[in-house]
Each structure stands twice: as C-alpha cells, then as structure tokens.
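So the structure is just underneath, and the comments pick up after that.
The values are calculated or read from the model by the stated rules, or taken from the named source; none is laboratory data. Nothing here was measured: the structure is a model prediction, and the numbers come from that model. Note: ideal-geometry Cβ built from the backbone for every residue, glycine included; neighbour counts use all protein chains shown. Heads up: the accessible areas ignore ligands, DNA and RNA and are worked out on the full protein's heavy atoms, side chains in. Shrake-Rupley method; radii C 1.70, N 1.55, O 1.52, S 1.80 Å.
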Amino acid sequence: VTGDPTEAALLVLAAKSGIDLDRVKSELPRADEVPFDSDRKRMASIHHTGEGALVAAKGAAESLLEVVHRIRDPKGPVPLDDAMRARVLAAAADYSRAGYRVLGIAGGRISRPEVGVLRQEEDRVDLLGLVAMADPPRAESAAAVVACREAGITPVMITGDHPATGAAIADRLGLLDSKEVMTGAVLASEHAEGLGRHVDQVAVYARTSPEQKLDIVQAWQGRGDVVAMTGDGVNDAPALRAADIGVAMGVAGTEVAKEAADMVLTNDDFSAIVAAVGEGRRIYDNIRRFVRYTLTSNSGEIWVMFLGPFVGLPLPLLPVHILWINLVTDGLPGLALGVEPRERDVMRRSPRHPRESIFAHGLWQHVLLVGLLMGLIPLGLGLWGAATNRPWQTLVFTSLALLQLGHAMAVRSERESLRSLGLGSNRPLLYAVVGTLLLQLLVVYWGPMQVALETESLSLVELTAVLAASSGVFWAVELEKLVRRRTARRAAG
C-alpha cells in the first residue's frame, strides 16, 4: 500500500479482517466527502446504497463523541451517557499512553447523500469503536535526537495526536527530559508573546492547529533562534514557509508542502536531517579551509614582494614565479581541501551565529601572521643564498611553494593535529601535495622548465635547507592548534 500511513493501516486492518475491499468499493461507491478539518478533528465520507446513503466517519475519539449519541454494541445500541463517554475516553487514553495512535470510527445511515445534509445529520451516526495503531519511531530516530542535542539543536515534536501518545513517543526518543507537553487548547489560551517566554520548556505540542504551528515557529524565532520546521500536509505549509528552513517530506508530503519548503527529504527520515546538518557543517568548514589556505598563501607572496627590497632583495620573485604558484601550488591543494572529510567533533559543536563572519575565530589573524611567517622564511633563505653566492631567487621561489604545501596539510583542521586526522584520510590532498612537489622539483632541475621559469638547479645542501625551512609553517600551525586545544580543555573543565 502506498500513500498516507494511517489510511494504509486501516486498509490492511480491513483486509486482515476478511473484508473484500474491491466488493465494498463496487457496492458502496463514494458519493461525497467531508475532508479532515483540524478544528473538527474528523472526516467523513458518504456512500450510495439501495436504501439511501451510508455515512462513515473517523477522527479523534473526543471529537466523535461530540456528535454521536449512541455506541454500537453487538447486543444493540447503547446510549452515550456520561459514564459511557468517560469509559470510551479512558480506553483511548490507555492506548495513547502506551504510544498508540487512536482513532474513533463511527457510521450510520442518512436520508440524503449531500455534504450539507451530512453536516446537519452527522449526529445521527453511532460510535462503532476505537482503532489503535502502532506508529513507533524508527530505530535510528533516538540516536538522531541525541546527535541533535550534542550539536546544539533542540528538537521539538508537534503532533495532531493525543497528548499522551505524543508524550509516550517523545519519552522513547528521549525528548521529554522533564519538559512540558502542551495541548493546542492550552496554547490557544496563550498569546504568542506569552508562549515566547517559556517556549524552550515545551518538548511536545499535541492537538495543534496550523495557526498554532505558525505561532510556535515565530515564538522560537522571536528568541533569536534559527528554526527548521518539518511537515507533510497542506496545513503545514504556513509554518514551513515562515521557518528559516522548511523541510517537507518527499514520500508522504503533499505538493503544497513541497512548494512551501526549502528542502524536500527523499526518504522522510528524521535522521536524514541530522546527516544534512553534519554535511552542511563539513561544507562550511571546507570553505573556511580553502579561504584560510588561499588568503594565507597570497599574504605570504605579498610579504615577500613587499619586504624584499627592504632587506636587499630587489626582485625576490619573477612574474612567472607568481603565476606558477597561483596556478599550481595554490590551485591543486586548494581544490583538494574542498573534499576534506567531516571532522569527528563536527556534530558536537554549538551552531554558529548566522551573521557570523567567515573570518571569525581567528581566521584573519591566521592569514596575517602565518602569511608573514610564510614571507619571512623565503626571504631569510634568499639572504643566505645571496650572501654565499647561491641561486637565491630559486631558493626564495622553491621555499615559498613548499611552504604552501606544508600549510595545506596543516590547515586540514582548525583544532585536530595531522596525526589524529590521519595522513591518508584525504587522499586527493595527499596526491595534490605529492604531485605539486614533483612538479616543483621538475621546474628546478629539468632544463626546459628551468628556461621557461628562469630557475637554477639546487645543490643537495641547498635543497636540504629549503626542505627543512619549508616545514616551518607546518610546525607553527600545528603549535597553534595545540595551544587552542589546551585552552579549550582548560575552559571546559
């Protein structure tokens, strides 16, 4: 069966009970329908018979008890007095507390099969009984809730089910944690301003209307929070549109909900949202990595060209050297940083403020200071080469290129060391660094490339000095991360 899960469960129940669905459809064709209404909390359909029309209704038990006068019993109709009403509600509450979704089923005959007449004569139908269906959360949902909490996300359940059902499911998921369960009736008695003062203390909203879903979203937004809203029905559309991120269900969702949403889940799985949050954080981290790497590399080049004349190196780099570094040394590792895997603690961080600059958390200081170090080391090698009659310009060019490769390996994480990340966890970056190193050596030692880029061969001593000095930025960034980790540990405990 495909379609609405509740309708599917009822069809399966009918089939298990031995009812021939095709025969029912042929003998009792549907003439009209009163669709589900969030205020009435019930729906009904009218079916032609040879003796007038048959009405069938289903909805919340308390809603049907408002319009039926009798209960159908195998021994005959039983008047719906206060004692019987309390008995029905108690049975529904017992099922709800066990986590079942409970529907009341009612039916009867009416004289004229029009919707208007149905609404006038719906009180003539009898309550046939209650249907309790298991709608357990998916096994991975509880783990997804834990992941949300660790990531600084507060999950809230909004349901049309009985409050006891919502509380039972929320308790299984670990949502309650001594927080409140609020019904739509209680919510209606509060203004949106009043709700905003304690909206963070409510974990479950039950029997809510579409307007109340919108109030809940706006109450959270009024606190300055970013709100993601999930939904699948037409009634969810206003809240989906108002939320900062509207998420519609792709399988069970209506077209209206999908159009109102910003994202559509293809599998209707809450854990997919958590996975998307983790992927979004990974992408943002990789953007910061690329910006950090590229701007620091450019900063190093600027410092070399700016400070060179002041230390006696009038033209530290030729234009072709700068072009080579920007195309090869910056390009290949920079692209590889864009596919860096997700860090282990990415879902244990607090969400960043949506207006936070990409240069926050020390990025611009890193660009300036590490860029300065990246400029000073080649200049130092250049001065040494000039003083000892060595190919100083090639020393400056090669050391600057290799410094950037070490920096690419170090900026894979703003916190974790390269050792904890694993050298091969980002193979594209490893290949890019090794490939760029080989290309740089080709430029230094292969005759045609020497002519094209005006370089000279380096001796073993000179190459060793370049390799040793070019690790300076890598170790400086690793030291910076070590200090940052120790500072965070002291702050945490």
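Return the total of residues in segment 267-286 being at pLDDT 90 or above and touching a Gly at 6+ places or on another chain (Cβ under 8 Å).
Number satisfying all stated conditions: 1.
Only one of T266, T329 is of a type in the set (V, I, T) and open to solvent by 70 Å² or more (accessible area, probe 1.4 Å). Can you tell me which?
Working: T329 fails: open to solvent by 70 Å² or more (accessible area, probe 1.4 Å).
Every option except T266 fails the conditions.
Which condition number does G152 fail, the rest of (1) part of a loop (DSSP other than H, G, I, E, B); (2) touching a Pro at 6+ places or on another chain (Cβ under 6 Å); (3) open to solvent by less than 30 Å² (accessible area, probe 1.4 Å) being met?
It fails just one condition, (3).
Residues checked against (1) under 17 Å from P163 (Cα atoms); (2) at pLDDT below 85; (3) not acidic (D, E):
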position: L28; (1), (2), (3): no, no, yes
position: F36; (1), (2), (3): no, yes, yes
position: A57; (1), (2), (3): no, no, yes
position: R70; (1), (2), (3): no, yes, yes
position: L80; (1), (2), (3): no, yes, yes
position: S96; (1), (2), (3): yes, no, yes
position: G99; (1), (2), (3): yes, no, yes
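Given the criterion within 24 Å of A452 (Cα to Cα) and buried (at least 22 other Cβ atoms within 10 Å of the Cβ), identify the matching residue among L400, L337, L315. Walk me through how you get there before you give the answer.
Working: L337 fails: within 24 Å of A452 (Cα to Cα); L315 fails: buried (at least 22 other Cβ atoms within 10 Å of the Cβ).
Only one candidate qualifies: L400.
Which of (1) in contact with a Ser or Thr (Cβ under 7 Å, 6 or more places away or on another chain); (2) open to solvent by 80 Å² or more (accessible area, probe 1.4 Å) is the odd one out, the single condition R40 does not satisfy?
Failing condition for R40: (2).
Considering only segment 6-37, state which residues are open to solvent by less than 50 Å² (accessible area, probe 1.4 Å) and either touching a residue at least 60 places away in the same chain (Cβ under 8 Å) or polar (S, T, N, Q) (or both). Step through it out loud before you land on a result.
Here is the first cut: in segment 6-37, the ones open to solvent by less than 50 Å² (accessible area, probe 1.4 Å) are 6, 8-10, 14, 31, 34.
Listed by number, the residues that qualify are T6, A9, L10, A31, V34.
With respect to E180, determine if the residue is at pLDDT below 80, charged (D, E, K, R) and more than 23 Å from the chain's Cα centre (by Cα). Step through it out loud before you land on a result.
On the way: at pLDDT below 80: no; charged (D, E, K, R): yes; more than 23 Å from the chain's Cα centre (by Cα): yes.
Spelling it out, it is not the case that E180 is at pLDDT below 80, charged (D, E, K, R) and more than 23 Å from the chain's Cα centre (by Cα).
Can you name the condition, by its number, that K75 falls short on among (1) among the basic types (K, R); (2) within 21 Å of G233 (Cβ to Cβ); (3) assigned to a loop (DSSP other than H, G, I, E, B)?
Of everything listed in (1) among the basic types (K, R); (2) within 21 Å of G233 (Cβ to Cβ); (3) assigned to a loop (DSSP other than H, G, I, E, B), K75 misses just condition (2).
Of all residues in segment 326-346, which are among the charged types (D, E, K, R) and within 12 Å of R288 (Cα to Cα)?
Pass one, segment 326-346, residues among the charged types (D, E, K, R): 330, 340, 342-345.
Scanning segment 326-346 gives a single hit, E340.
Taking interchain pairs and intrachain pairs at least six residues apart, which have beta carbon atoms under 9 angstrom, with the first residue in segment 303-327 and basic (K, R) and modelled with pLDDT under 95 and the second open to solvent by 50 Å² or more (accessible area, probe 1.4 Å) and not in a helix (DSSP H, G or I)?
That search, which allows pairs on different chains as well, returns nothing.
For segment 402-480, please list each of the helices (runs of 4 or more DSSP H) lying entirely inside it that holds at least 2 residues being aliphatic (A, V, I, L, M), without any contact (Cβ under 8 Å) to a residue 12 or more places away in the chain and farther than 23 Å from W384 by Cα.
Those helices (runs of 4 or more DSSP H) span 427-445, 447-453.
Count, please, the residues in segment 340-356 that happen to be assigned to a helix (DSSP H, G or I) and surrounded by 15 or more Cβ atoms within 10 Å (Cβ to Cβ). Show your work before the answer.
Residues of segment 340-356 assigned to a helix (DSSP H, G or I): 346-348.
Next cut, surrounded by 15 or more Cβ atoms within 10 Å (Cβ to Cβ) only: 346-347.
Adding up the residues that qualify gives 2.
What do you reckon, is G129 of a type outside the set (D, E, K, R) and either open to solvent by 80 Å² or more (accessible area, probe 1.4 Å) or at pLDDT 90 or above (or both)? I'd like the intermediate steps shown before the answer.
Numbers: of a type outside the set (D, E, K, R): yes; either open to solvent by 80 Å² or more (accessible area, probe 1.4 Å) or at pLDDT 90 or above (or both): yes.
Yes; evaluated as a whole, the condition is true for this residue.
When the residues of segment 357-385 are narrowed to those that are open to solvent by 50 Å² or more (accessible area, probe 1.4 Å), on the phi < 0 side of the Ramachandran plot and not aromatic (F, W, Y), which ends up nearest to the chain's Cα centre (by Cα)? Break it down into steps so the answer makes sense when it comes.
Kept after step one, since they are open to solvent by 50 Å² or more (accessible area, probe 1.4 Å), are these residues of segment 357-385: 357, 359, 361, 364-365, 368-369, 372-373, 376, 383-384.
Narrowing further to those that are on the phi < 0 side of the Ramachandran plot: 357, 359, 364-365, 368-369, 372-373, 376, 383-384.
Narrowing further to those that are not aromatic (F, W, Y): 357, 365, 368-369, 372-373, 376, 383.
Working: S357: 20, Q365: 30, L368: 33, L369: 35, L372: 38, L373: 38, L376: 43, L383: 52 Å.
Of everything passing the filter in segment 357-385, S357 is nearest to the chain's Cα centre (by Cα).
G166 - would you say it is crowded, with 22+ Cβ neighbours inside 10 Å, at pLDDT below 90, over 14 Å from S38 (Cβ atoms) and of a type outside the set (A, V, I, L, M, F, W, C)? Give the steps one after another, and end with the answer.
Details: crowded, with 22+ Cβ neighbours inside 10 Å: yes; at pLDDT below 90: yes; over 14 Å from S38 (Cβ atoms): yes; of a type outside the set (A, V, I, L, M, F, W, C): yes.
So G166 fits the description; yes.
Which residues, taken from segment 439-461, are under 19 Å from V320 (Cβ atoms) and of a type in the set (A, V, I, L, M, F, W, C)? Outline the logic, then answer.
Step one: of segment 439-461, the residues under 19 Å from V320 (Cβ atoms) are 439-458.
L439, L441, L442, V443, V444, W446, M449, V451, A452, L453, L458, listed by residue number.
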